[in-house]
């Protein structure tokens with residue numbers, strides 16, 4: 001394609017946005033509303049996913065070492081734990097460290113636990129992390145019969161429930177987003193269909209004077225692209241500023257909890273990119289669907 | 001050169017529009033196509049720019065059989081054929097200049113050539129001074145002259161006109177005919193479907209009369225031959 005032709009297509013597509021003012025407005029609004037919904041949903045979904053990932057990551061197996069175990073026994077146990085398949089990391093925490101953590105976690109009130117520093121009733125602990133959090137239960141079962149092992153704790157039952165819940169949330173979210181996207185595509189293709197219908201005379205003349213189908217398609221293709229891209233501007237602005245507001249509001253409150261939101265950067269750029277791309281894709285797809293019908297020679 | 005051999009056309013709804021047409025139109029000829037409404041004139045005309053495909057038979061335009069060419073090649077065929085309609089088919093939001101330039105832009109002509117060619121043909125149809133006007137600011141005759149300018153701007157060897165004077169008053173119709181004659185003088189073949197008895201009988205040219213899908217008459221310097 002010649003450069004001049006490309007320039008012409010660009011000019012024509014932009015001009016036609018202006019000429020079909022109200023249709024343009026309607027199409028862009030359709031994209032805007034849809035992407036706004038998709039954007040809000042994406043933010044919620046991705047944050048839920050982020051949080052569940054963190055919770056999953058915090059799932060650990062606490063292996064209490066039998067009180068009678070010697071240093072040699074501990075080393076042997078550690079080696080065995082590390083040899084288990086699916087284990088990512090084994091950390092040792094002595095009973096003194098455990099007590100220290102306990103005291104810290106209670107803050108001011110923790111001082112009363114200081115009494116136990118003389119005669120520590122806690123046991124040494126190996127903290128085992130699974131590569132895949134879903135394997136936690138399986139690994140815990142393998143650890144139980146090992147020698148020098150006292151108690152094995154991994155939040156039995158809780159983990160399974162948590163995983164089931166996060167999986168359900170993820171699937172529902174995904175289904176909703178796909179549904180929304182289809183609705184948007186349908187809306188846009190319909191709106192551009194009307195735009196094209198308003199210009200069927202132009203297409204008819206183009207065909208009569210010998211324009212190729214590719215040539216006729218281009219401006220509509222670009223027009224769809226613009227509609228999608230322009231339609232994504234407002235949703236990006238709204239979603240990002242709202243997110244930044246909510247983030248600043250919640251960040252101090254959620255500090256020191258499981259619930260960490262996704263940091264604003266680079267999340268903001270990724271979200272903006274996804275929305276622009278989504279807008280562009282549905283815009284182009286919508287116009288392609290509509291133009292095809294009019295191009296039967 | 002246009003040549004048809006045993007062309008038949010039956011529409012999907014069973015209407016037989018063309019019932020065995022064989023005709024030969026040499027390069028540079030001026031031909032009127034006449035006949036009662038519904039006799040197959042329009043179908044005959046549409047066959048030439050492949051708006052319709054024949055059910056059977058052969059249609060050769062400058063050595064290419066239109067019955068065989070692929071849909072994707074139709075645009076290339078049409079670049080060699082100018083088409084003029086009764087209702088002008090101008091784009092209301094483009095100026096006269098832009099309407100004519102449109103035909104060259106869509107076949108990716110260079111801007112320099114476009115300017116030159118458009119001004120040439122606007123001069124030919126005597127509308128150079130109205131290049132910046134919009135179609136709704138022009139009379140019917142002027143609008144038809146714009147559409148003729150558009151049809152010839154890419155130098156086609158054939159111009160096909162489907163009742164070009166159908167919407168115009170008699171005086172204006174003569175102007176249009178004058179322009180067609182001048183285009184014809186430059187060696188362009190003209191095929192014109194018309195109901196205008198006075199024109200056919202005054203500016204004598206070859207007349208092909210189509211009745212019930214067949215050629216009823218084919219006379220050099222013929223007459224309209226129907227009561228209007």
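Just one of (1) over 25 Å from residue A:199 (Cβ atoms); (2) surrounded by 23 or more Cβ atoms within 10 Å (Cβ to Cβ); (3) facing chain A (nearest Cβ under 10 Å) trips up residue B:150, so point out which.
Failed condition: (1).
Here's the yes/no breakdown for (1) without any contact (Cβ under 8 Å) to a residue 40 or more places away in the chain; (2) touching a helix residue (DSSP H, G or I) at 6+ places or on another chain (Cβ under 9 Å):
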{"residue": "A:187", "(1), (2)": "no, yes"}
{"residue": "A:194", "(1), (2)": "no, yes"}
{"residue": "A:198", "(1), (2)": "no, yes"}
{"residue": "A:212", "(1), (2)": "yes, yes"}
{"residue": "A:234", "(1), (2)": "no, yes"}
{"residue": "A:255", "(1), (2)": "yes, no"}
{"residue": "A:278", "(1), (2)": "no, yes"}
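Which count do you get for residues in the range A:204-246 that are surrounded by fewer than 22 Cβ atoms within 10 Å (Cβ to Cβ), within 14 Å of another protein chain (Cβ to nearest Cβ) and closer than 19 Å to residue A:282 by Cβ?
So the count comes out to 2.
For the range B:128-138, indicate whether the set of residues that are under 20 Å from the mean Cα position of the chain (by Cα) and over 22 Å from residue A:204 (Cβ atoms) is non-empty.
Checked the range B:128-138: no residue is under 20 Å from the mean Cα position of the chain (by Cα) and over 22 Å from residue A:204 (Cβ atoms).
So how many residues does the range B:27-38 have that are at pLDDT 90 or above and not in a strand (DSSP E or B)?
Of the residues in that region, 5 qualify.
Can you pull out the residues in the range B:51-67 that are surrounded by fewer than 20 Cβ atoms within 10 Å (Cβ to Cβ), more than 13 Å from chain A (Cβ to nearest Cβ) and in a loop (DSSP other than H, G, I, E, B)? So that I can check it myself, show each step before the final result.
Quick first cut of the range B:51-67, residues surrounded by fewer than 20 Cβ atoms within 10 Å (Cβ to Cβ) only: B:51-53, B:55-58, B:60, B:62-65, B:67.
Imposing the further condition that a residue be more than 13 Å from chain A (Cβ to nearest Cβ) reduces the set to B:55-58, B:60, B:62-65, B:67.
Of everything in the range B:51-67, those that are surrounded by fewer than 20 Cβ atoms within 10 Å (Cβ to Cβ), more than 13 Å from chain A (Cβ to nearest Cβ) and in a loop (DSSP other than H, G, I, E, B) turn out to be B:55, B:62, B:63, B:67.
Somewhere in the range B:97-104, is a residue within 9 Å of chain A (Cβ to nearest Cβ) and in a loop (DSSP other than H, G, I, E, B)?
no
Here's the yes/no breakdown for (1) part of a helix (DSSP H, G or I); (2) modelled with pLDDT of 85 or more; (3) within 14 Å of another protein chain (Cβ to nearest Cβ):
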residue: A:170; (1), (2), (3): yes, no, no
residue: A:196; (1), (2), (3): yes, no, no
residue: A:202; (1), (2), (3): yes, no, yes
residue: A:248; (1), (2), (3): yes, yes, no
residue: A:265; (1), (2), (3): yes, no, no
residue: A:274; (1), (2), (3): yes, yes, no
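Any idea how many residues of the range B:68-78 are buried (at least 17 other Cβ atoms within 10 Å of the Cβ) and touching a helix residue (DSSP H, G or I) at 6+ places or on another chain (Cβ under 9 Å)?
The total comes to 3.
Could you please let me know if residue B:84 is assigned to a strand (DSSP E or B), in contact with a strand residue (DSSP E or B) (Cβ under 7 Å, 6 or more places away or on another chain), more than 14 Å from every other protein chain (Cβ to nearest Cβ) and buried (at least 18 other Cβ atoms within 10 Å of the Cβ)?
Against the criterion (assigned to a strand (DSSP E or B), in contact with a strand residue (DSSP E or B) (Cβ under 7 Å, 6 or more places away or on another chain), more than 14 Å from every other protein chain (Cβ to nearest Cβ) and buried (at least 18 other Cβ atoms within 10 Å of the Cβ)), residue B:84 does not qualify.
Can you pull out the helices (runs of 4 or more DSSP H) entirely within the range A:1-96 that have at least 2 residues that are touching a residue at least 40 places away in the same chain (Cβ under 8 Å) and within 14 Å of chain B (Cβ to nearest Cβ)?
In the range A:1-96, A:3-19 are the helices (runs of 4 or more DSSP H) which contain 2 or more residues that are touching a residue at least 40 places away in the same chain (Cβ under 8 Å) and within 14 Å of chain B (Cβ to nearest Cβ).
The values are calculated or read from the model by the stated rules, or taken from the named source; none is laboratory data. In this text, all values refer to a predicted model and were calculated from it rather than measured experimentally. Here the Cβ is made from the backbone with ideal geometry for all residues, glycine too, and neighbour counts use every protein chain on show.
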